Each structure stands twice: as structure tokens, then as C-alpha cells.
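So the structure is just underneath, and the comments pick up after that.
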Amino acid sequence: MTTLVARPHRVRHAGQRYQWLVTAHYRLMVMMLVFLGVGLLIGLRLSYLAVFGDEPRSRVAGTLVPLRGDIVDRNGVPLARTIDAWSIGVHPDRLLGKPEDLAPQLAALLPEHDAGWYLAVLRSGKSFTYLRRRALPELVAKINALGEPAMAFAREPERLYPQTTLAAHVLGYTDFDGHGVTGMERVLDDRLTDPAQRGTPVALSIDSRVQAAMESELFAAMTSQQAVGATGLVLDVATGEVIAMASMPVYNPNKVGQSPPEARRNNVTQSVYELGSTFKPITMAAAIDDGVVTSMAKRYDATAPVAIGRFRIKDDHPAGRWLNVPETLIQSSNIVTARIADEMGQARMEAVFRNLGFDKPPVIELREKGRTLWPRDWGRATTLTTAYGHGIAVTPLHLATAYAALVNGGTLRPATLYRVAPGKAAVGRRVFTESTSARMRQLLRLVVMQGTGKRAEAPGYRVGGKTGTAEKPQAGGYSKSVNVSTFAAVFPMDKPRYVVIAMLDAPKGSAESSGLTTAGYTAAPVVSRVIARTGPMLGVIPDANKEIDLSDLLPLIWKPKGHE
Amino acid sequence: MASIPGFGPVVPRSKTKVGVLSRFGRDDRSSFSLWFWEIDRFLLLFVTLLISIGLIAVAAASPAAAERYSGGGVKVNPLHYFYMQLAWVVISVPVMLFISTWPKDVARRVALSGAILFAFMLVLVPFFGEEVNGARRWVGWGAARLQPSEFLKPMFVVGLAWLLSLKAQDRTLPLVPISGMITGLIALFLMKQPDFGQTVIFAAIWMTLLLLSGVNSRIIGWLVGGGVAGIVCAYLFYDVATKRINDFIFAEGDTYQTDMAHATLTAGGLFGTGPGGGQMKFRLPEAHTDYIFSVIGEEFGLIACFAIAALYIAIVVRVFVKLLEEEDMFLLLASAGLATQFGLQALINMAVNVQLAPSKGMTLPFISYGGSSMLALSIGFGLLLAFTRRNPYLSRSPYVSRGGGI
């Protein structure tokens with residue numbers, strides 16, 4: 001007998017199938033959510049990259065970031081840039097054409113060598129040699145047209161100084177590997193090649209307009225005076241920023257090899273000079289500070305030379321009378337200055353110059369710094385001669401920083417070639433008192449108004465300053481005829497802003513200076529013209545009605561009868 | 001109608017228009033019309049968009065790749081890769097459309113035969129394969145060169161779906177071990193190439209289909225645990241995986257490629273540099289294949305990357321949502337598997353490009369350059385279109401208004 005049993009499999013089938021569908025659909029939706037979640041994650045990551053995506057761009061050098069950063073002046077004018085230039089080379093071992101045919105063609109296009117030289121190169125079998133670097137695109141096209149496959153052309157980063165000789169000594173130059181050799185190129189080498197920073201140019205303190213004016217006036221004076229060299233400097237008295245720094249003769253940093261080695265020397269920071277009478281205001285300020293000179297009216301004997309052993313200190317134009325302090329500077333009396341230094345004594349005079357840093361190389365970023373000629377023994381003769389700038393040799397930059405301290409209220413600040421943001425100037429160090437500094441402003445102004453520096457006057461700019469004509473030391477002593485003529489000026493004297501220094505090395509005199517080679521006739525006119533040209537650019541408005549208050553000093557100045 | 005003097009009578013032009021429309025009208029019973037009404041037209045639109053974007057992207061990446069492969073005496077035309085891709089699209093799209101017209105049974109049978117054929121070729125690869133970039137993945141010569149693993153992927157999905165759907169016939173079949181063994185064998189041969197990325201995809205497909213075939217959650221738990229253990233083991237004992245994962249986590253080794261990809265992706269910002277404006281792409285290796293997403297990012301902006309990511313997600317979501325109406329086990333498994341394979345590959349490639357995942361060597365479906373991959377993807381997508389084809393009136397309520405929902 002058979003019993004009918006329900007087939008359990010089939011009965012359960014429909015229910016199971018339904019069960020499976022529910023599970024499958026449920027799991028399908030879970031998986032969809034997973035997909036949506038991962039998609040969202042990618043979307044979030046994309047948003048993150050969109051918002052914070054700048055970082056990798058700076059890490060990997062972009063195409064527009066130069067291999068070496070630019071150097072610009074304080075107003076953003078480019079002074080040094082990096083461009084892509086062409087180089088031309090040859091692979092002599094891969095030559096297809098005949099060297100005899102190619103050599104004359106190369107000699108015609110690259111005339112720096114003759115055909116024989118090119119033939120030797122082409123036959124050398126070397127794997128590579130440069131024929132020309134910094135080639136013009138036209139030349140590259142012509143050489144390419146020769147059709148020799150062994151010629152190689154490459155774009156190479158080249159340092160370009162678009163202003164050619166402008167501020168050449170400040171900028172310096174680079175070697176073929178693109179590393180700074182001198183100047184700020186050398187100082188800034190790490191900063192300019194740092195991938196993270198080279199995109200932003202470095203701003204120097206130099207103002208290219210002022211620099212250009214200074215260079216043009218110095219060059220004109222150097223040419224007319226037939227001087228062997230010249231230096232010029234404009235320094236901000238409040239911040240120590242070097243606005244212009246010129247050294248002549250100049251070189252072209254784009255073509256360094258074509259200039260003589262002496263042209264590459266930065267005379268402002270590397271060369272030391274006996275700067276003569278320009279030291280007198282420093283001595284005078286120290287004497288006022290130390291209480292040696294108690295009154296401006298105090299008179300000193302200038303009738304007779306001061307004798308130190310067999311050596312006598314004389315004046316070029318003896319006054320033949322007793323001089324007070326303003327008269328000493330106006331007439332630039334060596335005798336009186338030496339007498340005051342004698343009263344100061346050796347220790348205090350030495351301390352003054354040490355305090356101003358004259359015993360050390362100048363303080364500035366440049367590595368090209370000269371060691372000063374610091375007297376080996378400070379005898380009485382040294383004490384007396386250094387007071388008027390002989391027997392001690394410093395750089396023009398030393399003088400500029402000292403003058404800045406002399407007039408800015410007495411604070412010595414290191415000179416800098418970086419642009420200083422407002423309010424970020426170095427704190428500096430007090431070397432003169434405030435009242436002494438105020439007195440020096442009057443005295444320096446008087447020198448230009450009535451003394452040896454009359455030709456430095458630029459109408460309306462209230463120029464003050466001091467001449468310095470030093471005899472050049474030569475083999476066997478000082479030369480009577482060869483001078484180093486310096487003028488150290490400050491303007492405007494009622495509220496000093498800038499120190500301007502011009503120096504001519506061995507001027508020979510011109511019709512303009514009546515054949516004279518002293519600073520008052522050679523360097524002072526340079527200062528006058530530089531100030532007249534650059535004053536407005538530097539924000540100093542010429543004003544004939546403004547003048548520093550000299551009412552307490554003017555009555556002290558003796559005038560010959562009929563000259564009132 | 002009024003007649004305008006000098007111009008003759010105005011002939012109503014609507015007659016021809018009606019004629020064109022009627023060809024796609026519901027009363028048309030031609031096979032093309034039937035196909036058009038049955039096919040998932042959203043999927044068709046999405047894939048058309050993807051292929052179009054792909055052509056633009058390859059055109060953008062082509063100069064970079066051409067420059068990379070030029071040199072010495074060889075000069076590759078800047079648009080060489082674009083023209084090649086165009087030719088492959090011209091071949092592949094008809095293949096995809098043709099496959100999408102196949103009846104589902106035919107599609108299944110052809111795919112199963114294909115699975116056996118390409119599995120056999122995969123076994124041959126380690127012995128006869130051609131070595132490219134340190135991996136043996138290609139067989140064949142010249143234009144007939146192909147990567148069996150690319151073609152095996154969609155066929156494998158269909159095969160696995162068929163195997164697992166046998167459960168509906170006989171519940172006693174030990175399908176989990178059998179399918180696991182097949183997958184394991186394929187994975188073994190893939191690792192031998194070596195191709196870590198493809199191995200991950202095959203394993204993921206197997207897990208997905210198991211999950212959907214309704215195996216109980218205890219087995220799923222074991223499998224997930226096994227997967228994690230597998231990745232850890234791969235990291236510990238499989239050199240390629242160790243290197244790739246180390247490079248990613250510790251940013252050690254040669255990070256040039258990923259650094260460049262990052263730089264390229266972000267170089268264009270949100271809106272891109274514009275077509276042809278990209279610079280970073282020239283420093284990027286594999287700009288036209290693995291890292292094409294980054295090239296898109298540079299030239300068309302991250303906003304274009306968003307759109308592309310959204311498009312891939314939309315395709316997967318569209319398939320999954322439509323499958324909620326599917327009751328046939330094989331069709332559900334096959335369609336879901338094909339969509340997963342497609343979406344997973346896209347997500348992994350994009351994740352690599354945005355540095356969320358280690359470099360894999362995986363292409364962006366339909367966008368990356370590659371003839372073999374294009375054809376294989378078209379076959380896979382054609383199968384997907386064939387399996388998701390359905391009579392729109394079969395399961396729809398007669399009360400639903402005509403305009404609502406497709």
C-alpha cells in the first residue's frame with residue numbers, strides 16, 4: 001500500500017525562494033550603501049584636494065618657478081633673473097660630416113676661434129665639448145642649419161642681470177653651475193636655490209634709481225677728473241639700509257670674464273683708505289661727549305704747527321689765529337683737531353674708534369670685506385693723526401655707518417643690504433649722546449654753508465657734511481700730489497634721512513675744479529648732484545624756507561671785515 | 001494652409017516627422033524597436049557618456065604618453081593614442097550593442113563557453129605570455145594581443161552566477177567549496193603573472209556573489225575574516241603586495257609616480273587648466289592608462305572628477321535598484337556581479353589616483369586607454385545590458401501613469 005506523502009521539498013520551495021529573495025535584496029542594498037560610501041569617500045578626498053591642494057604644487061617645482069630665485073631692488077625692479085638660454089656643443093665622436101668641411105663653417109659662425117681650432121676639436125674624438133654658452137637663438141638656428149647631427153643644443157638656465165653694470169658689486173655673479181661667487185649672489189646662494197623659497201624674489205635695500213644716479217655722477221666725475229677709481233654710498237640713517245653702493249671701475253656681471261680683476265673689487269667694503277678730514281667730526285663729537293670740549297666758543301691755538309718729535313702737524317691754509325669749534329670744522333684745521341685729540345688722550349681716542357667698529361671689517365651681509373688698517377701702537381703721534389683721519393684706514397662703509405650714528409641721535413646700526421620693513425630696523429647701539437648728535441648736525445651744516453664743503457650744497461636740501469682730502473700713501477711716504485678725495489654728507493640736516501658719501505681715488509683735476517684735486521672741488525659736487533637728482537625719489541622735498549636752527553653758532557664765526 | 005505668393009503651396013512637413021517617430025513608437029514591432037523598449041536606457045546613456053568622456057580624456061593624455069614613448073628614432077604622433085582609442089571604440093561599441101540584443105539564454109551559454117576558453121588562456125599566460133613592465137599578462141601577437149584576465153572577468157561573473165544559481169535546482173550541491181576552488185585556482189594563476197589588483201577583483205566578485213546567493217552570515221563572517229587574513233598573508237609572504245603596501249603606507253621606495261599623480265591631479269584646481277593647458281601631465285608616467293583620472297583633474301578640474309565618480313556610482317546604483325524587481329536568481333547574481341566588477345574597478349582606480357589606496361595597475365573602465373580592456377569591458381557591459389533587459393510592461397502595474405518611471 002502506498003501512502004501519499006506530500007513532497008516536502010517542493011512545498012517548501014516557494015517559501016524558501018521568497019526567503020532567498022528577501023535576503024538577496026537586503027544584501028544588495030547593503031552593498032549599494034558600501035559603494036555609495038566608498039564613492040563618498042573619494043568625493044570627500046577630492047574636496048579635500050580642491051581646498052588644500054596647494055601644498056604639493058609648491059613641493060614639486062612648477063614650470064614657472066626659476067631654478068634660482070630672482071633678486072629685485074627695494075621697489076621690485078629686477079636686478080638678477082634666471083632665464084633659459086641656449087648652449088651649443090658638439091659630440092666629436094658622433095660626427096657624420098667631414099671635420100674639414102665643418103670646421104670653416106663653425107669658424108665663420110663662431111668667430112672666437114679659428115678653423116684650425118675647430119678642426120682639432122672635431123678630430124679629438126671626445127664625447128662632448130661646449131662650443132658656446134649663452135648663444136642667441138638665431139645663432140643656434142644657423143648652426144642647426146649646417147645639418148650636422150653631432151651638434152648638440154640645450155636650453156640651460158642662465159643668470160641674467162638685466163640692468164647690466166648697475167649695482168654689479170652688490171649683486172656679484174654666479175659661476176657656470178649657477179652658484180653665487182661674489183656679492184649677494186654668494187650670500188643668498190642657499191636661499192635662492194631653495195625649492196621652497198626660490199619662487200619669491202629677494203628684495204634688496206638698493207633703490208635702482210638712486211643707484212643709477214650715483215653711478216652716473218660718479219662715472220662723470222671719475223672721467224673728468226681722470227681718477228683711477230671712485231666709490232659712492234647712500235645709507236638710510238634710521239635703518240642702516242644701503243640705498244646705493246657704487247664702486248668704480250665697474251664690471252658687467254653678465255660677462256664677468258671680460259673685466260679685469262680690479263674691476264670686480266668692491267671698493268666700498270673691500271678697500272680701505274685713509275679718509276682724512278672726514279674723521280674730524282667724529283673726533284669732535286667724541287670730545288664733546290667726553291666733556292673735553294665744553295663750549296662751542298672755546299678757542300684753540302692754530303697759529304703754530306703741533307710738533308710730535310721731528311714730525312709737525314700743519315694746516316694747508318693756516319688761519320694764523322685761534323679758532324673755536326665751528327671754525328675748526330669749517331676751516332678743517334688739522335692743528336686744532338690734533339690739540340683736541342691730545343686733550344682726549346690715547347685711551348679715549350682709541351675707544352672712540354673701537355666703539356665705531358673701525359678695528360674690525362665693516363658690518364654688512366657681503367662676504368667681500370676688507371680688514372681695516374688699525375694702528376699697531378697707539379702712541380701720541382697715532383692719537384693725534386688719527387683724529388684727522390691719517391694713520392688709520394677704513395672702508396667708505398665704515399665712514400657711512402659712523403656718520404649715520406653721528407646725526408641720527410647717536411645710534412650705531414649695522415649696515416644692511418636687505419630691505420627693512422617699517423619698524424623692523426635693528427635696535428643698534430648708542431655711541432654718541434642725543435645732544436652731541438644735535439650739535440653735530442649744526443656743525444656739519446655749517447661746513448657746507450660756510451666752509452670747505454660749499455660745493456656740496458643742493459639748494460633746498462639742507463645738506464651738511466665734511467670734506468676729506470687725504471694724501472695717498474705710496475712707497476716711501478705720503479704723496480703730495482695724489483689724493484683720496486672724500487665727501488661725507490647728510491641730508492636734510494634739520495631731520496637727517498640719508499648719508500651720502502662720494503670718494504674719488506687719485507683725481508687729477510679738471511677745468512671745472514680749477515685744476516684742484518681736493519675733496520671740496522672734486523667729491524663735493526658729486527654729492528650735490530646726487531642729492532639734487534635723488535632727493536625727490538627718496539621722499540625729501542626741497543624747501544628753500546626750511547633750515548636747521550644755527551642761531552647759537554653763527555655769531556661765533558669770525559669773518560674778515562667786509563664779508564659780513 | 002495659405003500659399004505664399006512665389007513660393008508655391010506650403011507643404012506640411014509633419015508627415016515625415018510622424019514617419020520617423022512611428023519607427024520608435026510602441027506600435028512598431030521590429031526587433032530594433034523591441035530592443036530599444038526592453039533595454040535599460042539609463043544604463044545605455046551612462047555608458048555612452050563614459051565612453052565619450054573617455055575619448056576626451058585620452059585625447060588630453062595622449063600627448064603626454066606620446067612624448068613619454070617618443071625618443072631616439074621613434075616619434076609618436078601626439079594624438080596616436082587618441083586615434084587608437086577611437087578605432088577601438090568603433091570596434092567595441094557595436095560588439096557591446098550586439099551582445100545586448102542576445103536572448104538571455106544565448107548570452108549565458110556564450111559567456112560560459114568564453115569563461116572556459118579564457119580560463120584556459122589564463123593558464124597558458126605564465127608559459128607563453130609576453131612580459132611587459134615586469135609582469136606576464138599578455139598573450140598573442142601584434143594587434144591580436146590580449147590580456148585573458150580582462151576578458152575572463154565578465155565571463156567568470158556569469159559562470160559563477162550560473163553555478164551559484166544551481167542552488168535553486170538542488171540545495172544539496174556543495175557550491176561554496178566548488179566556487180571557492182575555481183576562484184582560488186584563477187587567483188593562483190593571476191598571482192603568478194603577477195597581478196595583485198585583478199586577484200583582489202576576482203576574490204571580491206566571488207564574495208559578492210556568495211553573499212547575494214544567500215549563504216548564511218556565519219560563512220560570510222568566516223570569509224570576511226579569511227579575506228583580511230588573506231591580505232595580511234599577501235602582505236607578509238607575497239613580495240609584490242608587500243612592496244606596494246609598504247610604498248603606500250610608509251611612502252618609501254620610489255614615490256615619483258604617486259607624487260606626480262598628486263601634483264597632476266591638483267595642478268588644475270577646481271575648474272582645471274582647460275583642455276591642452278596641462279603641464280604636469282607630461283611628467284606623469286602612465287598618463288593615458290592608470291593615471292588618466294589625474295590628467296582629467298588637471299585639465300578639466302576636480303569638478304570633472306566629481307562628475308565621473310558620480311557617473312560610476314550612478315551606474316552601480318541604477319543596476320542594483322533595478323535588481324530589486326528581479327526574481328530570477330541567475331539574472332540577479334550575474335547582473336549584480338557584473339555591476340560590482342565594473343564599479344569596483346572604477347573605485348579602486350579612483351582611490352589610487354586620489355591616494356586613498358596603494359598603486360594597483362588597474363585601468364579606469366571605459367576611460368583609460370587600452371584596446372584589449374575596452375573590448376573586454378564592452379563585452380561585460382553588453383552582457384549586463386542583455387541581462388537587465390526586460391519587458392517594461394511585464395511587472396508594471398497597469399495603473400501606473402505612462403509618463404512615470406522607466
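The values are calculated or read from the model by the stated rules, or taken from the named source; none is laboratory data. Given the structure is predicted, the values throughout are model-derived calculations rather than measurements. Backbone-built Cβ (ideal geometry, glycine too); neighbour counts: all protein chains shown.
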Next item on the list: Of the numbered conditions (1) in the same structural domain as A:Pro78 (by TED's automatic domain parsing); (2) at negative phi; (3) in contact with a helix residue (DSSP H, G or I) (Cβ under 7 Å, 6 or more places away or on another chain), A:Asp177 fails exactly one; give the number of that condition.
Entry: (3)
Margin query: Exactly one condition in (1) farther than 24 Å from A:Ala404 by Cβ; (2) part of a helix (DSSP H, G or I) is false for A:Thr278; which is it?
Written below: (1)
Next item on the list: Collect the residues in region B:202-240 that are touching a Pro at 6+ places or on another chain (Cβ under 9 Å) and part of a helix (DSSP H, G or I), keeping them in residue-number order.
Entry: B:Asp239, B:Val240
Item checked: Enumeration of residues in region B:94-110 that are buried (at least 17 other Cβ atoms within 10 Å of the Cβ), under 17 Å from B:Arg41 (Cα atoms) and either touching a Lys or Arg at 6+ places or on another chain (Cβ under 6 Å) or hydrophobic (A, V, I, L, M, F, W, C) (or both) -> B:Met96, B:Ile99, B:Trp102
Checklist line | Members of region B:52-82 found to be part of a helix (DSSP H, G or I) and either surrounded by fewer than 22 Cβ atoms within 10 Å (Cβ to Cβ) or more than 25 Å from the chain's Cα centre (by Cα) (or both), listed by number | finding: B:Ser52, B:Ile53, B:Leu55, B:Ile56, B:Ala59, B:Ala66, B:Glu67, B:Arg68, B:Tyr69, B:His80
Checklist line | Residue list for region A:381-416, restricted to those being within 17 Å of A:Thr269 (Cβ to Cβ) and in a helix (DSSP H, G or I) | finding: A:Pro396, A:Leu397, A:His398, A:Leu399, A:Ala400, A:Thr401, A:Ala402, A:Tyr403, A:Ala404
Item checked: Hits in region A:171-213 (condition: in a helix (DSSP H, G or I), within 20 Å of A:Gln270 (Cβ to Cβ) and among the aliphatic types (A, V, I, L, M)) -> A:Leu171, A:Met184, A:Val187
Notebook entry, point to check: Looking at A:Gly147, A:Gly172, which is the one that is surrounded by fewer than 18 Cβ atoms within 10 Å (Cβ to Cβ) and either small (Gly, Ala, Ser) or within 23 Å of the chain's Cα centre (by Cα) (or both)?
Noted result: A:Gly147
Next item on the list: Output yes when any residue across region B:266-274 is free of Cβ contacts under 8 Å to residues at least 40 places away in the same chain, within 14 Å of chain A (Cβ to nearest Cβ), touching an Asp or Glu at 6+ places or on another chain (Cβ under 6 Å) and assigned to a helix (DSSP H, G or I), and no when none is.
Entry: yes
Note to self: I'd like to know if region A:417-425 contains one or more residues that are in contact with a helix residue (DSSP H, G or I) (Cβ under 6 Å, 6 or more places away or on another chain), of a type in the set (Phe, Trp, Tyr) and not in a helix (DSSP H, G or I).
What the structure shows: no
Check: Can you tell me which of A:Arg429, A:Arg455 is surrounded by fewer than 24 Cβ atoms within 10 Å (Cβ to Cβ) and under 30 Å from A:Thr182 (Cβ atoms)?
Finding: A:Arg429
Next item on the list: Search region B:348-377 for residues being surrounded by fewer than 24 Cβ atoms within 10 Å (Cβ to Cβ) and hydrophobic (A, V, I, L, M, F, W, C), and hand back the single one that is farthest from the other protein chains (Cβ to nearest Cβ).
Entry: B:Leu375
Checklist line | Given (1) touching a His at 6+ places or on another chain (Cβ under 6 Å); (2) within 12 Å of chain A (Cβ to nearest Cβ), index of the condition B:Glu327 fails | finding: (1)
Next item on the list: Scan region B:316-370 for residues that are assigned to a loop (DSSP other than H, G, I, E, B) and of a type in the set (Ser, Thr, Tyr) and report the count.
Entry: 4
Next item on the list: Give the number of residues within region A:214-271 that are touching a strand residue (DSSP E or B) at 6+ places or on another chain (Cβ under 7 Å) and in a helix (DSSP H, G or I).
Entry: 8
Note to self: Could you list, ordered by first residue, the pairs with Cβ atoms under 6 Å in which the first is in region A:95-108 and free of Cβ contacts under 8 Å to residues at least 12 places away in the same chain and the second is buried (at least 17 other Cβ atoms within 10 Å of the Cβ), at least 6 apart or interchain?
What the structure shows: A:Ala107/A:Tyr118
Next item on the list: Scan A:Pro414, A:Pro396 and give me the residue that is surrounded by fewer than 24 Cβ atoms within 10 Å (Cβ to Cβ), closer than 18 Å to A:Val363 by Cα and under 14 Å from the mean Cα position of the chain (by Cα).
Entry: A:Pro414
Margin query: Condition (residue is crowded, with 17+ Cβ neighbours inside 10 Å, basic (Lys, Arg) and at pLDDT 90 or above) applied to region A:67-81: is it met by at least one residue?
Written below: yes
Notebook entry, point to check: Limited to region A:301-318, what total is found for residues that are under 18 Å from A:Thr452 (Cβ atoms) and buried (at least 17 other Cβ atoms within 10 Å of the Cβ)?
Noted result: 3
Notebook entry, point to check: When region B:297-324 is examined, which residues are found to be within 7 Å of another protein chain (Cβ to nearest Cβ) and among the small types (Gly, Ala, Ser)?
Noted result: B:Ala309
Margin query: Looking only at region A:279-315, filter to residues that are among the charged types (D, E, K, R) and without any contact (Cβ under 8 Å) to a residue 12 or more places away in the chain; which one of those is nearest to A:Arg441 (Cα to Cα)?
Written below: A:Arg312
Next item on the list: Give region A:270-321 a look and list any residue that's over 37 Å from the mean Cα position of the chain (by Cα) and aromatic (Phe, Trp, Tyr), or say none.
Entry: A:Tyr300, A:Phe311
Check: Would you say A:Arg354 is without any contact (Cβ under 8 Å) to a residue 40 or more places away in the chain, assigned to a strand (DSSP E or B) and out of contact with any Leu (no Cβ under 7 Å at 6 or more places or on another chain)?
Finding: no
Next item on the list: Of the numbered conditions (1) without any contact (Cβ under 8 Å) to a residue 40 or more places away in the chain; (2) small (Gly, Ala, Ser); (3) within 30 Å of B:Ser179 (Cα to Cα), B:Gly301 fails exactly one; give the number of that condition.
Entry: (3)
